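Beneath this line is the structure, given in structure tokens, with notes to follow.
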Amino acid sequence: MRELVAKYLSKGISRRGFVSGLTKAGLTVTAAQSVLSSVSSVATAQGPAPAPSVPPVPAAPTAAAGGAIKSFQGTGGAAFAEQLIASGVKYVFGNSASEDAEFYEALVDRPQLQYILTPHEGPGAAMAAGYIKASQQPAIVMQAGAVGMVNAIGQIFNAFKEQTPLVVYSYRTDQSRRAGRDGFEEIPNQEQVVQPITKYSWMAHRADMIPETVRRAFKAAWTPPYGPAYIDWHADYTAERVRADIIAQDQLDPRMRVRPDPDDVARAAKLLVEARLPLMIVGDEVYKAKAAAKAIRLAELVGMPVTQFRQLWANFPEGHPLWVGNVPGGTLASLAYPRNPDVVLNVGNKLQHNGPAPIVPRGPKFIDMRIDFNSIGNVIATEVPIVADVGYGLDDLIAAVEGLLTPALRQKAAERSAEVRKFSLQARALRAQIVNGPDWDSTPMIADRVTWEVAHFADPDAIIVHEAGSHTINGFDFNPLGGRELFFYYGGHLGSGVGTAAGVKLARPNQQVIALVGDGSFIFGPTALWNMARLELPVITVIYNNHAYGGPHSRVINNVPGGRMVETGHFVHDYLGNPDMDMVAIAKGFGVDGETVHNPGEMRAALARARAHTVEGKPYLLDVQVARKGIGWAAKPWIPPIQVASLRTKKV
Amino acid sequence: MRDRRMRIPALACVGMMWLIAPAQAQQSAPTASNPGRDLVASKCFQCHTDAMFRDGRQDRRGWEATIYRMVGRGGLWTPEEIKLMADYLGEALGPDAKPALPAK
């Protein structure tokens, strides 16, 4: 039927031929005529703007093509809602926007589309992104015009860098008949503000094009490699009466899965089986393709150690004997093992370069398999570039490797596996000695102690949302195959952690969700706590509170070594104390209970209280006081001597 | 704890990559081979600068605690290696050692 509709719309067949085709497909003549009537409106939807003869009250949609295409008449706002439903959206994350009144009106009788009011656009967008990442389902973020959009831009940026299919809408506060007069909140080319950080940004040029614009945004966002899309339209379009077609997203969205070129796969397989010491890097495309088991299969087949460069998710079981740990520095050279791989296979890691040296150094032969074709070969010399869905790619690579493995090569792989296992066991033992450090029992706690306590507390399938600044977390043994999951970040616009955790919990209500955030990160985006309280999202939020921006403190010293800052202790940019922020009071203001944790002895009991709250459906927050560590920290850090009190001449 | 610019955090690297040779250049006489110094040189060079080391002058306990923090960031050292590195750093880069040279 879908092909018939396409043919008819493209004028490939006549009306009679269309009806004839439908009856041959099993429809009655009456049903076929009804479908014809509905589908005919598709052809007219792109014509002139609808005339006032369109009924003023939204009419019930009529189905065509098995319900995939519906002709809709009503307000632009209602058409917007209808298309969101047809695009598979369940949740709308929004902040109050008066010009979207007709959309809100449409929601009243469409309970399948739930609106989640978020009190700030940034954490609201982070919540939507968290939901999308945890559910792999579409959602939309909406705000009030340009002023709301700019608040969400930070998280749009994160979605762009992290390749999250976030769709964002805001109206243009200007109306179509008085645009361009520098009106209230009006800016020119609003959608272009986010153009560099979206895959697609577009304005609907007519009210009846709202559904089409929405569909295109979702298609762009969800076509790999994923990324955010932004759409807008003049505010009056939402109230305008339109006739438009609502089309189910799966009728036009290819959800593209690309099979790799067989020749490339053959070359890669040959390199892998003939390698002296191959190394596999995994990345987020493995998680998105649900291909972790395939990555394990390939690694075991080849006897290949596995690592990961910074990503959102842990894409390989950290307890697996072939896992050699994350790349701790900026390049593979920082790995303790293997030191000299001769073949490196990347499976779905974006390999975001933060320095001049290539992550995979010159020397090893490099196989890069990703759907993110944009960044393949940009920095790293690549022997075999493979553009593919990594699920299919791994299937084909496994088959090709199996076809090449001789008994001698299998023996070689087994011996290599034994070597890697030996290293991974030793590394596990060496990491465990962290508890022997002289500051382990100190008050205030070191950050590693906090992490260790949480790691020993978390459920076996807990989800850890990590936005604890520059602190590296260990000990969770993340496992994408049913174990603990990591939701990290590398976009770098802070304030996403609490919102992300709220969105993750919304998507995964039956898994424990723990948010680990630094105090600096937390204070950028605490408003999502209110959503946790209102929606009864029982998330445990743990703040590593050193009352400072620890990362920038250390990096500034690195950039200006031996400078006056170190000599005098005058750091203007990093100390957040005096007064210390009371995160528990902030949480309580949003309706979330919590407590301050001062020393290691209090930590376990506090976590137990947190669990008790979450069991009852209540979120809980721990404001854990941690030590400022690193160069140049004074016990009482200096603060700039700005004292307005000396300027005051009146007691007002 | 803030990481807004998303550069690789200096303290998130494998180890402390102080360039020991420039530090020693300030000493009046060459030093004999020292296993702790050799370990620091071999384990820590990828990420950290010598200046960071010299700006971080502290006693042996402080250095030991710093090395253990690096374990939390992926550093893999045996207890004996940690002891040797802490011994060396506490002596060579204690609280009274010369500060880092100002950046040019």
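Just so it is clear, none of the values below were taken in a lab; they were calculated from the coordinates. Since we're looking at a predicted model, the values are computed, not measured. Here the Cβ positions follow ideal geometry from the backbone for every residue, glycine too, while neighbour counts run over all protein chains shown.
What is the stretch A:117-230 by shape, rounded, prolate or oblate, if you read a ≥ b ≥ c off the alpha carbon gyration tensor as root eigenvalues and call it rounded for a/c under 1.5, prolate for a/b larger than b/c, and oblate otherwise?
Note, shape of the stretch A:117-230 comes out prolate.
For B:Lys83, which lysines qualify as cross-link partners when the Cα separation must be under 19 Å and same-chain residues fewer than eight apart are set aside?
B:Lys43
Taking neighbour counts of Cβ atoms within 10 Å as a proxy for exposure, in what order, fewest first, do A:Met209, A:Met304 appear?
Listed from fewest to most nearby Cβ atoms, that is A:Met209, A:Met304.
Under the rule of at least 5 residues apart or a separate chain, name every residue whose amide H is placed under 5 Å from the amide H of A:Leu279.
A:Val343, A:Val344, A:Leu345
Please compute the volume of the convex hull spanned by the alpha-carbon atoms of the stretch A:418-470 and report it per residue in Å³.
Numbers: hull volume 6.7 nm³, N = 53.
Dividing the Cα hull volume of the stretch A:418-470 by its residues yields 126 Å³.
Which order results if A:Val652, A:Val626 are arranged by neighbouring Cβ count within 10 Å, fewest first?
Lowest to highest Cβ neighbour count: A:Val652, A:Val626.
Exceeding 22 Å between C-alpha atoms, which entries from my cross-link table qualify? They are A:Lys270/A:Lys350; A:Lys133/A:Lys199; A:Lys70/A:Lys90.
Correct reply: A:Lys270/A:Lys350.
Considering the convex hull of the alpha carbon atoms of the protein assembly as shown, report its projected area averaged over all viewing directions, in nm², one decimal.
Mean orientational projected area (the protein assembly as shown, Cα hull): 39.9 nm².
If Lys and Arg each add +1 and Asp and Glu each add -1, what is the summed charge of the other residues whose beta carbon sits under 10 Å from the beta carbon of A:Ala86?
-1
Which of rounded, prolate or oblate describes the stretch A:554-652 when judged by the alpha-carbon gyration tensor and an a/c cut-off of 1.5?
Oblate, since a/c reaches 1.5 and b/c is not below a/b.
Residues with beta-carbon under 9 Å from that of B:Met85, excluding B:Met85: net charge, scoring Lys, Arg +1 and Asp, Glu -1?
Summing Lys and Arg as +1 and Asp and Glu as -1 gives 0.
Along the principal axes of its C-alpha atoms, what lengths does the stretch A:489-630 span, in descending order and rounded to whole Å?
Here the Cα extents, ordered largest to smallest, are 53, 34, 23 Å.
How many percent of DSSP beta bridges within chain A run antiparallel, rounded to 5?
Rounded to the nearest five, the antiparallel share is 15 percent.
5 Å is the cut-off here: which amide hydrogens, built 1.01 Å from N in the peptide plane, fall below it relative to A:Thr75, excluding neighbours closer than 5 in sequence?
Amide H neighbours of A:Thr75: A:Val242.
Report the local net charge at A:Leu506: Lys and Arg +1, Asp and Glu -1, summed over other residues whose C-beta lies under 13 Å from its C-beta. Please report the intermediate quantities before stating the final value.
Working: positive: A:Lys90, A:Lys133, A:Lys505, A:Arg508, A:Arg534; negative: A:Glu536.
After counting each charged neighbour, the total is +4.
Students often forget the sequence filter, so: which lysines lie under 27 Å Cα-Cα from A:Lys588 once same-chain residues fewer than 8 apart are removed?
Correct list for A:Lys588: A:Lys505, A:Lys618.
For A:His466, which sequence-distant residues (separation of 5 or more, or a different chain) have an amide H within less than 5 Å of its own amide H, given hydrogens modelled in the peptide plane?
Those lying under 5 Å, H to H, from A:His466 are A:Phe487, A:Phe488, A:Leu516.
Where a ≥ b ≥ c are the square roots of the eigenvalues of the C-alpha gyration tensor, would you call the stretch A:61-168 rounded, which needs a/c under 1.5, or, failing that, prolate if a/b is larger than b/c, or oblate?
Values: a/c = 2.30, a/b = 1.46, b/c = 1.57.
In terms of gyration-tensor shape, oblate.
Binning every alpha carbon pair distance of the stretch A:220-283 at 5 Å from zero, what are the percents per bin?
Using 5 Å bins, I get a P(r) of 3, 10, 10, 14, 13, 11, 9, 7, 6, 5, 5, 4, 2, 1 for the stretch A:220-283.
Any aspartates and glutamates with Cα under 17 Å of the A:Lys161 Cα? List them, leaving off those in the same chain fewer than 8 positions away.
The reachable aspartates and glutamates, counting only those whose Cα sits under 17 Å from A:Lys161, are A:Asp284, A:Glu285, A:Asp372, A:Glu467, B:Asp3.
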